[in-house]
Amino acid sequence: MTARLESPRETMISASTATDAAVIEAFAGIPALLDQAPALIQRGRLLDCECLLGPASRAFHASIRQGRIVELAPAPVLMRSWRFSYRASAAAWAEYWRPVPRPGFHDLLALTKRGEAVLEGDLHPFMAHLQYFKDMLALPRRHFVTAAT
């Protein structure tokens, strides 16, 4: 019986798949992390919106009411509208959630400037509550681990 060695391409694909799965799992856990951050919920108390957030390949439709994520459903959700979308590659999210991200991956707007993320739609709720979104989307930073690292 001979052992089969993975090619570098197969290793890269499996690491990418592991990263995608870890990022999706981390996004699914954001509402629970947010519930443990009352100061952040208080900061977003005036925010009510529908938006798309997450990895570009598998975004989530988020319903935010008074700073709480009341529903987080994998997109696309048929016939559901959204005000804005913030999506980035799974690799960009994985880097963003490192304890000390590399320069250019440390901030949501830096990710868009680098071309790693796309921000589209009605930007008013996002920009009016920018610090809330920065802090909320950084919540997985303390808990995020990929199988590839």
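The values are calculated or read from the model by the stated rules, or taken from the named source; none is laboratory data. In this text, all values refer to a predicted model and were calculated from it rather than measured experimentally. Backbone-built Cβ (ideal geometry, glycine too); neighbour counts: all protein chains shown.
Applying the selection to region 48-94, what residues are among the acidic types (Asp, Glu) and touching a helix residue (DSSP H, G or I) at 6+ places or on another chain (Cβ under 9 Å)?
Selection gives ASP48, GLU71.
Mind telling me which of the residues ALA37, ALA91 ends up being out of contact with any Cys (no Cβ under 9 Å at 6 or more places or on another chain) and modelled with pLDDT under 95?
Testing whether each residue is out of contact with any Cys (no Cβ under 9 Å at 6 or more places or on another chain) and modelled with pLDDT under 95 leaves just ALA91.
Taking the stated definitions as given, is PHE105 out of contact with any His (no Cβ under 9 Å at 6 or more places or on another chain), within 21 Å of ASP20 (Cβ to Cβ) and surrounded by 19 or more Cβ atoms within 10 Å (Cβ to Cβ)?
yes
Determine whether region 129-139 contains at least one residue that is over 18 Å from ILE24 (Cα atoms), surrounded by fewer than 16 Cβ atoms within 10 Å (Cβ to Cβ), in contact with a helix residue (DSSP H, G or I) (Cβ under 8 Å, 6 or more places away or on another chain) and of a type in the set (S, T, N, Q).
yes
For region 35-55, how many residues are within 20 Å of VAL77 (Cβ to Cβ) and not acidic (Asp, Glu)?
Total meeting the criteria: 7.
Collect the residues in region 117-149 that are among the charged types (D, E, K, R) and either at pLDDT 95 or above or closer than 18 Å to ARG65 by Cα (or both), keeping them in residue-number order.
Of everything in region 117-149, those that are among the charged types (D, E, K, R) and either at pLDDT 95 or above or closer than 18 Å to ARG65 by Cα (or both) turn out to be GLU120, ASP122, LYS134, ASP135.
Do we find that ARG80 is surrounded by fewer than 16 Cβ atoms within 10 Å (Cβ to Cβ), under 21 Å from HIS124 (Cα atoms) and modelled with pLDDT under 95 in this structure?
Considered against the rule, which asks whether it is surrounded by fewer than 16 Cβ atoms within 10 Å (Cβ to Cβ), under 21 Å from HIS124 (Cα atoms) and modelled with pLDDT under 95, ARG80 comes out as yes.
Kindly indicate whether ALA62 is at pLDDT 95 or above and surrounded by fewer than 15 Cβ atoms within 10 Å (Cβ to Cβ).
In short, no.
In region 34-68, which residues are in a helix (DSSP H, G or I) and farther than 22 Å from PHE84 by Cα?
Selection gives ASP35, PRO38, ALA39.
Out of (1) touching a residue at least 12 places away in the same chain (Cβ under 8 Å); (2) more than 11 Å from the chain's Cα centre (by Cα), what's the single condition that is false for ALA138?
Among (1) touching a residue at least 12 places away in the same chain (Cβ under 8 Å); (2) more than 11 Å from the chain's Cα centre (by Cα), ALA138 violates only (2).
Kindly indicate which of PHE105, PHE133 is touching a residue at least 12 places away in the same chain (Cβ under 8 Å) and in a loop (DSSP other than H, G, I, E, B).
Sole residue among the options that is touching a residue at least 12 places away in the same chain (Cβ under 8 Å) and in a loop (DSSP other than H, G, I, E, B): PHE105.
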